[in-house]
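Q: Please read through the structure below; I'll follow up with questions.
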Amino acid sequence: MNILLVEDDIDISDAISEFLMIKDVTCEFAYTGDSGLELAQSKHYDVIILDLMLPNKSGYEVASTLRKEGFNTPIIMLTACDTHDDEIKGFESGVDDYVSKPCSMPLLYARMKALYQRSDPQSNHLKLGDIEIYFDEHKITRENKEIKLSPIGWKLIELLAKKAPQVVSKHELQEYAWQSEDVDTNTFNVQLHKMRKAIDNSYEKKIIHTIYGVGICLKA
């Protein structure tokens, strides 16, 4: 399991990471709301542990921004504030679970593990913004309207969805869709254009983004 721990108290951060290392959990760290948000937007994590009171941006603001942008990574809010109003505000901002400080490390790990198992990337269904993808059924809808794609178009969007919001290179897409990196550039561009046209052209908000020189990503 790979997690992002956003906590400005270094002692607490060290204590959590040392315990999780015993459980073979990989931790990356951020100590401000801004840096936590930037990492969460740029990398894939299985779970985010997010402190409420952070420099720059509060945990509420970080969670709310991620949800508005279509990120569905499970988030555990870690905070000393434990009133019902605090918990309600946390859930309304998009938090999945709430753990009060000081917390039991085994309990925190158990809650992380439960969230991770429920959000298994092999799950049949993914919702990203107004798009829903049903992997087993090879079905994609946007605003509840089904979108028809060619077999190659489906393969392209399937990989982008499974990797979202990470950027996927042209070579990765070719290997996944054609089982080969030796694909004619024109053929690749035509298939990519058809897929993008079917998914994005009728909508003001684009969900497929080109990062020039790097690749393509799916992000609400």
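Q: So which of K205, K155 ends up being in contact (Cβ under 8 Å) with a residue 12 or more places away in the chain and surrounded by fewer than 17 Cβ atoms within 10 Å (Cβ to Cβ)?
A: Residue meeting the stated conditions: K205.
Q: Also, I was wondering about something else. Right, K101: touching a helix residue (DSSP H, G or I) at 6+ places or on another chain (Cβ under 9 Å), under 20 Å from C27 (Cβ atoms) and modelled with pLDDT under 85 or not?
A: Working: touching a helix residue (DSSP H, G or I) at 6+ places or on another chain (Cβ under 9 Å): yes; under 20 Å from C27 (Cβ atoms): yes; modelled with pLDDT under 85: yes.
So K101 passes the test.
Q: What residue, among those in segment 166-186 that are part of a loop (DSSP other than H, G, I, E, B) and touching a helix residue (DSSP H, G or I) at 6+ places or on another chain (Cβ under 7 Å), is modelled with the highest pLDDT?
A: V183
Q: Here is a check on your reading of the model: is E158 among the acidic types (D, E) and over 20 Å from the mean Cα position of the chain (by Cα)?
A: Here the answer is no, as E158 does not meet what is asked.
Q: So T73 fits all but one of (1) under 19 Å from D8 (Cβ atoms); (2) in contact with a Phe, Trp or Tyr (Cβ under 7 Å, 6 or more places away or on another chain); what number is the exception?
A: With respect to (1) under 19 Å from D8 (Cβ atoms); (2) in contact with a Phe, Trp or Tyr (Cβ under 7 Å, 6 or more places away or on another chain), T73 is out only on (1).
Q: State which residue pairs qualify: first residue under 15 Å from A164 (Cβ atoms) and inside segment 41-62, second residue hydroxyl-bearing (S, T, Y) in any location, beta carbons under 6 Å apart, and separation of 6 or more residues or different chains.
A: Every condition considered, the pairs that remain are Y45/T73; D46/Y116.
Q: Separate question: What do you reckon, is I157 over 27 Å from E61 (Cβ atoms), at pLDDT 85 or above and in a strand (DSSP E or B)?
A: no
Q: Where the second residue is among the aromatic types (F, W, Y) and the first is in contact (Cβ under 8 Å) with a residue 60 or more places away in the chain and lies in segment 162-183, which pairs have Cβ atoms under 7 Å and are six or more apart or on separate chains?
A: Correct list of pairs: P165/F71.
Q: Further question: Among the residues of segment 158-176, write down those that are crowded, with 17+ Cβ neighbours inside 10 Å and more than 26 Å from E69 (Cβ to Cβ).
A: Selection gives Q174 alone.
Q: Which residues, taken from segment 103-117, are within 20 Å of D8 (Cα to Cα), over 21 Å from the mean Cα position of the chain (by Cα) and not in a loop (DSSP other than H, G, I, E, B)?
A: Answer for segment 103-117, where residues must be within 20 Å of D8 (Cα to Cα), over 21 Å from the mean Cα position of the chain (by Cα) and not in a loop (DSSP other than H, G, I, E, B): just M105.
Q: From the list S13, S64, pick out the single residue that is among the hydroxyl-bearing types (S, T, Y), over 30 Å from D130 (Cα atoms) and modelled with pLDDT of 90 or more.
A: Working: S64 fails: over 30 Å from D130 (Cα atoms).
When all the criteria are applied, what remains is S13.
The values are calculated or read from the model by the stated rules, or taken from the named source; none is laboratory data. Computed from a predicted structure; not experimentally measured. Because the Cβ atoms are built from the backbone with ideal geometry, glycine has one as well, and the counts that use them run over all protein chains shown.
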